[in-house]
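The values are calculated or read from the model by the stated rules, or taken from the named source; none is laboratory data. A quick note: this is a predicted structure, and the numbers were derived from the prediction, not measured. Neighbour counts run over all protein chains shown; Cβ positions are idealised from the backbone, glycine included.
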Amino acid sequence: MPKTVIISGGTDGMGRATALERLARGDRVTVIGSSEAKGRALLERASSPDLHFVRADLSSIAEVERVAAGIAERHDAVDALALFANRVNPKRRETPDGLERTFALYYLSRHLLGHRLRPLLDAAPAPVIINVAGVGNTAGRIHWDDPQLTRRYGQVRAQLQAGRANDLLGVAFADTGSRARYVLYHPGFTRSGVDGHENPAVRSGLKLLARFFARPVADAVGPIVEWIDRPPAEPLHAVDRGKRVDPSLKTLDPDDAARLAAYTEKLLQSLGP
């Protein structure tokens, strides 16, 4: 039976490959991306009435809310939400909401999409959320005294913090009582998005590394495609490069997950209308 699949960051790399694979299986797929040109290219490549593209800057809270509202207008239920959207920012940049951009795009957009679409997910027979980040990696942490990194910004520091935030997001969501299974997935180094870095020298270096060491995108998305068909039984399922992650890992601490959830809700309330 065809499924309804929503993919954030779906015009490049793994997100794009997942969209095309699910379309090939007969699903109705909505892809969210920031590039109109890449969205059009994907629509032309797929040539399918079952593919819908939504252009949006998911680092903006208002844009995420608009996207979620649009999905609710189009669908009564969502079977799968796959979260890929991310971008490396060599220098600290703020969104229109005044948030550090990596935090807003890589973490907050995923928090919002999962929670705003929860009623639609809960209406599906076997719903699943798949958050593609870096679970299993213990480097980095939440900088509780300065989550927006106003004092010591670094692109690696920002990426690691957002990655750990996504780990905790999965832990917190799995405790909400939602019917949706939550999958945290770290595919490892893939050939996905290696041409997206702003610095030409870094971009060339990543392409060279990818040529010799990166995992093919088709291999990396294989588990994602299967989880959409057959979600795990447990509320939270974490996999790091093919191996199950021990739920007692320090980066999956329930107390930290509750603390981040509380911070996030307070932050959203402070930025709300």
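Considered as a group, the residues in the range 214-268 that are farther than 22 Å from Gln148 by Cβ and in contact with a His (Cβ under 9 Å, 6 or more places away or on another chain) include one that is surrounded by the fewest Cβ atoms within 10 Å (Cβ to Cβ), and that residue is Arg244.
Restricted to helices (runs of 4 or more DSSP H) entirely inside the range 1-120, those with at least 2 residues that are in contact with a helix residue (DSSP H, G or I) (Cβ under 9 Å, 6 or more places away or on another chain), surrounded by fewer than 17 Cβ atoms within 10 Å (Cβ to Cβ) and of a type outside the set (Phe, Trp, Tyr) are 61-74.
Count of the range 150-188 residues, restricted to those that are in a loop (DSSP other than H, G, I, E, B) and crowded, with 18+ Cβ neighbours inside 10 Å, is 3. Cβ separations smaller than 6 Å between residues 6+ apart or across chains give the following pairs from the range 168-180 residues that are on the phi < 0 side of the Ramachandran plot and in contact (Cβ under 8 Å) with a residue 60 or more places away in the chain to residues that are in a loop (DSSP other than H, G, I, E, B) and crowded, with 24+ Cβ neighbours inside 10 Å: Ala180/Pro127.
Being in contact with a strand residue (DSSP E or B) (Cβ under 8 Å, 6 or more places away or on another chain) and among the aliphatic types (A, V, I, L, M) narrows it down to one residue among Ala82, Ala69, Ala17; which is it?
Numbers: Ala69 fails: in contact with a strand residue (DSSP E or B) (Cβ under 8 Å, 6 or more places away or on another chain); Ala17 fails: in contact with a strand residue (DSSP E or B) (Cβ under 8 Å, 6 or more places away or on another chain).
Within the list Ala82, Ala69, Ala17, the selection yields Ala82.
Note on the range 219-262: among residues that are part of a helix (DSSP H, G or I) and charged (D, E, K, R), the one that is farthest from Gly140 (Cα to Cα) is Asp229. Listed conditions (1) at pLDDT 95 or above; (2) out of contact with any Gly (no Cβ under 7 Å at 6 or more places or on another chain) are all met by Gln161, apart from (2).
Return the residues of the range 124-141 that are part of a loop (DSSP other than H, G, I, E, B), closer than 20 Å to Asp246 by Cβ and of a type outside the set (S, T, N, Q); say none if nothing qualifies. First the steps, then the outcome.
We begin by selecting, within the range 124-141, every residue part of a loop (DSSP other than H, G, I, E, B); these are 124-127, 133-141.
The next check asks that each one be closer than 20 Å to Asp246 by Cβ; those that pass are 133-141.
Scanning the range 124-141 gives Ala133, Gly134, Val135, Gly136, Ala139, Gly140, Arg141.
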